Amino acid sequence: MDKQELLKEYQDVFNGEAKDVFFSPGRINVIGEHTDYNGGHVFPCAISLGTFGVYGPRDDDKVQLYSANMEGSTVVEFSINDEKPETDADKTWTNYFKGMLVYLKQAGYQIDHGFNLLVHGNLPYGAGLSSSASIELLMGNLLKDEFNLDIDEISLVKLGQKTENDFVGLNSGIMDQFAVGMGKKDNAIFLDCSTLEYQYLPLKLGDYEIVIMSTNKKHSLAGSKYNERVEQCEEAVKRLNQKLNIKKLGELDENTFDEYSYLINDDVLICRARHAVAENQRTLRAIEAMKAGDLEKLGRLINASHVSLHFDYEVTGKELDTLAETAWEQPGCLGARMVGGGFAGSAIAIVKKDQADAFKENVGKVYRETIGYDASFYDAEIVDGPHKI
Ligand code: GLA
């Protein structure tokens, strides 16, 4: 999307000149799914699909928000002093913005006048590429810049997670906000979610590239099922703690989990916990494989991640399974798996560059025949976190 076009869109909606344009990326995750809130490791990166924000100051205390992505969209207005989440279904999309504003103000940062903001994303909403974290960190970085707030990126990342948890009501971990806020060009972030220690690792894929495959299915029920997974893991920890003393499943290796899993004594909870433990260990092995340049092993671990998310964590569904399983059969594909919360959204595949076109065509065809509508394919670059353009 071009800056001039964005400025023109702002002019058309707000009848005035904008001051600045910002961009905030979305994210994918190479491996480490549903491990973040379990105190485990993740390996995500920020991508060149994301959200643009066009900002103009106002001299009253109103915030006027307009989304160019929603059909028949209107300007939504609230006061900078209004601290209540929006409950009107047509306007709940504004809570990702409003939450950041509310929590920055509650943390003592001065935001002393209103503003207009036009947002326009090229990240499909509900695609599992974290349009929500993209918006939260867009808002955080934009307010930091325009109001000269003395706050570091990791604090903004934490306020993004707080917005998600307390303002929106999804008990998510910190992966998405961290991946977006701390994104670095051509690097993935190896993050320990229990300590927030992190390391940038160049994503060296040689002759291979990452293909993003969207199911084009919106995940409407995902929120409640996501929170249910979080609770199931907490319950498993409680039961393991009859003999152990852990805070999160990420503290366990597979052998220790195996020895104590009898304490859980419930088939569903054992499956959920086994995924959380195994996926964390798998992520550590994937990092070793990457460092050793063993892309084939990395690919197999990516496949194993999907299998575990399918059978043990049960967060895939027919659409994501069709994408991943069809991808596995294609020549030149090293590995494929769903990314993000699951149930719908997107998957990724590591595919040989010169076979990527045939890959997309074949997977697209099988998907259409099996599901009844098209999947979308995206090539994204790995980019830096939010910034002014
Ligand atoms: C969503 C959440 C993240 C993470 C993933 C699953 O994207 O926002 O915190 O839990 O699901 O790995």
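Things worth noting here:
- For the chain, the solvent-accessible area of protein heavy atoms averages 42 Å² per residue (probe radius 1.4 Å; ligands and nucleic acids excluded).
- Whichever lysines have a C-alpha closer than 24 Å to that of K360, once near sequence neighbours (fewer than 8 apart) are set aside: K204, K217, K218, K297, K318, K352
- The range 111-187: C-alpha gyration tensor shape, a/c 1.5 cut-off, then a/b vs b/c: rounded
- Amide H to amide H distances under 5 Å link A188 with L201, L203, where only residues 5 or more positions off or on other chains count and H is placed in the peptide plane.
- Per-residue Karplus couplings for the range 225-237, computed as 6.51 cos²θ - 1.76 cosθ + 1.60 with θ equal to phi - 60°, are listed in order as 5, 4, 4, 5, 4, 4, 5, 4, 5, 5, 5, 4, 4 Hz, Gly and Pro entered as x.
- Most to least packed among 164-171, 40-47, 332-339, 8-15 [average Cβ atoms within 10 Å]: 40-47, 332-339, 164-171, 8-15
- Under Karplus coefficients 6.51, -1.76 and 1.60, residue-wise ³J(HN,Hα) of the range 144-158 in Hz, glycine/proline x: 4, 5, 6, 10, 6, 7, 8, 9, 8, 5, 5, 5, 5, 4, 5
- One decimal place: the segment K19-D384 gains 129.2 nm when fully extended, by the rule 0.36 nm per residue minus the C-alpha distance.
- D294-K247 FRET efficiency (beta carbon distance; Förster radius 45 Å; 0.05 resolution): 0.85
- The alpha carbon gyration tensor of the range 116-243 gives principal lengths a ≥ b ≥ c with a/c below 1.5, which makes the shape rounded.
- Taking each of K62/K105; K62/K184; K62/K84; K19/K98 in turn, the alpha-carbon distance tops 22 angstrom for K62/K184.
- Note on R285/D60: beta-carbon distance plugged into 1/(1 + (r/R0)^6) with R0 of 51 Å gives a FRET efficiency of 0.35.
- The heavy atoms of M182 offer some 20 square angstrom of accessible surface to a 1.4 angstrom probe.
- The chain: calculated mean residue ellipticity at 222 nm from DSSP helix runs of at least 4, using -39500 (n - 2.57): -12500 deg cm²/dmol
- Most simply put, the chain has about 90% antiparallel DSSP beta bridges, counting only bridges with both residues inside it.
- Rounded to the nearest whole Hz, the Karplus-based 3J(HN,Hα) values (6.51 cos²θ - 1.76 cosθ + 1.60, θ = phi - 60°) of the range 96-106 follow the sequence 5, 7, 5, x, 4, 4, 4, 6, 5, 5, 5, with x at glycine and proline.
The values are calculated or read from the model by the stated rules, or taken from the named source; none is laboratory data. Note that the coordinates shown come from a computational prediction; the quantities given were computed from them, not determined experimentally. No Cβ is skipped: glycine too gets one built from the backbone with ideal geometry, and neighbour counts run over all protein chains shown. What goes into the accessible areas is simple: the full protein's heavy atoms, side chains included, and nothing from ligands, DNA or RNA. Shrake-Rupley method; radii C 1.70, N 1.55, O 1.52, S 1.80 Å.
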